[in-house]
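Below is one structure, written out as structure tokens; the observations come after it.
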Amino acid sequence: MRFIRILVIFATALFTASCFVTSIHPLYTEKDLAFVPELLGTWKVEEEENIYTFKQSGENAYELIITGQESSKKSIEILDYDEAGRYEAHLVKLGKFLFLDIYPQVPDMGEYGLDIHLVPVHSFYRIWIEKDVLRLVCLDHDWLEEMIDGNKVNIAHVRVEDRIVLTAPTGELQNFVLKYVEDSEAFSDFSKLNRQKQN
């Protein structure tokens with residue numbers, strides 16, 4: 001249950017449930033990756049408890065650590081999976097558009113094999129980085145479901161309970177996203193995060 005909570009914390013904290021589409025495959029290949037130093041640091045949505053911290057973890061990679069207000073007062077290096085959601089994060093440059101792809105870090109779940117029965121998934125968001133403001137918008141799940149049910153879009157997927165999980169390979173996923181990236185119904189629910197000053 002701990003791992004399941006980690007998987008969904010980003011969606012439930014920052015976005016509405018209708019705005020959460022996941023994918024088996026990433027939105028990027030190595031050639032699509034970008035690194036923007038301005039993303040590094042700590043961010044917060046106004047009137048929200050959770051804190052979002054981006055740290056560099058490779059030449060073109062970030063670690064995203066999500067904590068609650070109280071946990072954020074501790075050093076994030078010592079927080080365990082009960083206190084923080086930890087994700088691999090990559091910035092993806094597709095044409096003139098910038099996206100954020102996140103993927104959960106799988107915790108060690110002991111010797112009974114529970115972790116090998118869980119399949120982490122990617123989620124992705126169009127992103128704007130404007131000095132001390134971070135804007136994000138994800139592919140709207142309700143829109144996607146309606147378009148699939150109406151045979152208006154054709155993209156490989158499976159349904160897991162009431163969720164759509166995309167199974168299209170990266171190239172097809174990129175083409176799909178670029179086709180609808182400027183559609184205000186496909187990408188409709190914006191979130192605004194403000195940079196937090198370091199003490």
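Of K152/K179; K31/K55; K152/K192; K31/K197, which pairs sit farther than 24 Å apart, going by alpha carbon to alpha carbon?
K152/K192; K31/K197
Using the basic label-point model (7 angstrom from Cα toward the beta carbon), what is the D142 to N175 distance in nanometres?
So the label points at D142 and N175 sit 3.0 nm apart.
Summing Lys, Arg as +1 and Asp, Glu as -1, what charge do residues with Cβ under 14 Å from the Cβ of V165 carry, V165 excluded?
Here the charged neighbours net out to -1.
Taking 7 Å along the Cα-to-C-beta vector as the label spot, tell me the K93-V133 distance in nanometres, rounded to one decimal.
2.4
Assuming R0 = 30 Å, can you tell me the calculated FRET efficiency for the pair T29 and E49, based on Cβ-Cβ distance, to the nearest 0.05?
Efficiency, from the Cβ-Cβ distance: 0.25.
Using a simple spin-label model with points 7 Å from Cα along the Cα→Cβ vector, what separation in nm is obtained for K152 and T167?
According to this spin-label approximation, the distance is 2.5 nm.
V45's amide H: which non-local residues (gap 5+, or another chain) put their own amide H closer than 5 Å, with H modeled 1.01 Å from N in plane and none for Pro or chain starts?
N194
Using θ = phi - 60° and the Karplus curve 6.51 cos²θ - 1.76 cosθ + 1.60, what whole-Hz ³J(HN,Hα) does each residue of region 174-182 get, with Gly and Pro shown as x?
In residue order, the calculated couplings are 4, 4, 5, 4, 5, 5, 10, 4, 9 Hz.
Each value in this text was obtained by applying a stated rule to the coordinates, not by laboratory testing. Since the structure is predicted, the reported quantities are computational estimates derived from the model, not experimental observations. Cβ: placed from backbone, ideal geometry, glycine included. Neighbour counts: every protein chain shown.
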